[in-house]
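Visitor: One structure coming up, written as structure tokens, with questions to follow.
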Amino acid sequence: MQIHIYTDGACSGNPGPGGYGIVMLYGQHRKEMYEGFRKTTNNRMELLSVIVALESIKKEGVDVVVFSDSKYVVDAVEKRWINGWIKRGWAKVKNVDLWKRFLPVIKKHKVKFVWVKGHASNVENNRCDELAVMASKMPGLHVDFGYEESKE
């Protein structure tokens, strides 16, 4: 059986307050997750949502399909942009801290990425968007250290 993961990131301003939303489906099980940050970017939230979802899978070697409306994330994997980034030593690549966190976790599973149109008819993607926006507006937002330290 496969785990289906739907992810989305949101940011009010870019950079600005942001958040991510995740819906995970496995058989009859459903899990939703979200988190907000005081200053970040949309692409960071899109990527972080995938990382957090994959990190939450306890068993290794699982078949996973990730549905995302982020061309940045989907194309980086499916078009193998990430391989070129690694070969070039991450030169001129944004969000290196997250991509380096992403690499070991994706290797633990059999992951396929599917791009879905954002803000369209995909119910689960729309739910992720709601979670991400809600998370970005919560009190006591977390610090995205990877973003904020890179700007100091």
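Just so you know, all these numbers are worked out from the coordinates, no wet-lab data involved. Everything numeric here is computed off the predicted structure, so don't read it as measured data. All Cβ positions, glycine included, derive from the backbone under ideal geometry; neighbour counts span all protein chains shown.
Visitor: Quick one: 3J(HN,Hα) in Hz for segment 8-25, Karplus 6.51/-1.76/1.60 with θ = phi - 60°, rounded, Gly and Pro as x.
Guide: 7, x, 9, 8, 9, x, 9, x, x, x, x, x, 10, x, 9, 10, 10, 10
Visitor: So, one more: Name the residue, out of 93, 73, 65, whose mean-square fluctuation peaks in a Gaussian network model built on the chain with Cα pairs under 10 Å.
Guide: In this elastic network of the chain, the residue with the biggest mean-square fluctuation among 93, 73, 65 is 93.
Visitor: For a quick check: sort 45, 33, 134 by the number of other beta carbons within 10 angstrom, fewest at the front.
Guide: Placing the least packed residue first, the sequence is 134, 33, 45.
Visitor: Here is a further query. Which loop GluC sites (Glu not before Pro) in segment 30-95, with loop taken from DSSP, have no more than 16 other Cβ atoms within 10 angstrom of their Cβ?
Guide: Here the sparse-neighbourhood loop sites are 60.
Visitor: Could you pull out the pairs from 71/108; 87/108; 107/137; 59/92; 87/110 whose alpha carbons sit more than 29 Å apart here?
Guide: In this structure, 107/137; 59/92 exceed 29 Å between Cα atoms.
Visitor: I need the trypsin sites (Lys or Arg not before Pro) found in segment 66-152, filtered to DSSP loop residues with at most 16 other beta carbons within 10 Å of theirs.
Guide: 79, 80, 88, 92, 94, 107, 108, 117, 137, 151
Visitor: Could I ask something else about it? Provide the percentage of antiparallel DSSP beta bridges, counting only those with both residues in the chain; round to the nearest 5.
Guide: 60
Visitor: In addition: Going by Cα centres, segment 12-39 and segment 56-88 are how many Å apart?
Guide: When both Cα centres are located, 17 Å separates them.
Visitor: What's log10 of I(q)/I(0) for the chain at q = 0.12, 0.16, 0.18 Å⁻¹, Debye sum over Cα points only, no solvent?
Guide: Results for the chain at q = 0.12, 0.16, 0.18 Å⁻¹ read -0.47, -0.85, -1.07.
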